[in-house]
Structures are given as C-alpha cells and as structure tokens.
1. Name the pairs: first residue in the range 71-84 and touching a residue at least 24 places away in the same chain (Cβ under 8 Å), second residue assigned to a loop (DSSP other than H, G, I, E, B) and exposed (fewer than 10 other Cβ atoms within 10 Å of the Cβ), Cβ to Cβ under 8 Å, at least 6 apart or on different chains?
2. Determine, yes or no, whether residue 26 is exposed (fewer than 13 other Cβ atoms within 10 Å of the Cβ), within 18 Å of residue 83 (Cβ to Cβ), without any contact (Cβ under 8 Å) to a residue 60 or more places away in the chain and within 16 Å of the chain's Cα centre (by Cα).
3. Being surrounded by 13 or more Cβ atoms within 10 Å (Cβ to Cβ) and out of contact with any helix residue (DSSP H, G or I) (no Cβ under 8 Å at 6 or more places or on another chain) narrows it down to one residue among 67, 41; which is it?
4. Could you tell me how many of the residues in the range 30-87 are in a loop (DSSP other than H, G, I, E, B) and farther than 25 Å from residue 13 by Cα?
5. Of 12, 59, 21, 45, which residue is closer than 18 Å to residue 82 by Cβ and more than 16 Å from the chain's Cα centre (by Cα)?
6. Take residue 40 and decide whether it is in contact (Cβ under 8 Å) with a residue 12 or more places away in the chain and over 19 Å from residue 86 (Cβ atoms).
C-alpha cells in the first residue's frame, strides 16, 4: 500500500517511513472482515475512531508564515505536501 501511495504521487523513496506510517494509520481506522466490521482501533480502545480529519495523501497545502518571521516582500504562505498525521490528529 505504501509503495503504491508513493508511486501515485511521484514521491521519492526518501519518504518511505512516513508513507508506511500513514498507511498503517489509515488501515487501523478501516473496518475488517476478521473483526466483523469493527476497526482495529475500535477493537483495541473500544472507541470508534473519527476519520473526519483525513486528507488526501501527497496533496499540496499552504502553511501560514507568521508576520514576525517574514520580511516586507516575503510570501505570506509556504507550500507544503501532506505526508502524515500528528498523533493529536493535526497535519
């Protein structure tokens, strides 16, 4: 799964670890036949996981550059690529 995710977005093998991590993160929040429709996360913690924070892997996003850091003619945003999630459901 991780290899196809990287190939689909044309990403370097340098991001193999992050891609594998996000693949496992997604799979742990998907229902399985083995658990009779429950997710592995739900079976472990007994709480149904939220997937509302999911975004498309490898998508282009823009991060705000604080006013204190940038100079007069600098850009207000910096382009970034989504390669994973923080444990607190942040990007």
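1. 82/56
2. Values: exposed (fewer than 13 other Cβ atoms within 10 Å of the Cβ): no; within 18 Å of residue 83 (Cβ to Cβ): yes; without any contact (Cβ under 8 Å) to a residue 60 or more places away in the chain: yes; within 16 Å of the chain's Cα centre (by Cα): yes.
No; evaluated as a whole, the condition is false for this residue.
3. Among 67, 41, only 41 is surrounded by 13 or more Cβ atoms within 10 Å (Cβ to Cβ) and out of contact with any helix residue (DSSP H, G or I) (no Cβ under 8 Å at 6 or more places or on another chain).
4. Count: 30.
5. Exactly one residue qualifies, and that residue is 12.
6. So residue 40 passes the test.
Each value in this text was obtained by applying a stated rule to the coordinates, not by laboratory testing. Just so you know, these numbers come straight off a predicted model, no measurement behind them. No Cβ is skipped: glycine too gets one built from the backbone with ideal geometry, and neighbour counts run over all protein chains shown.
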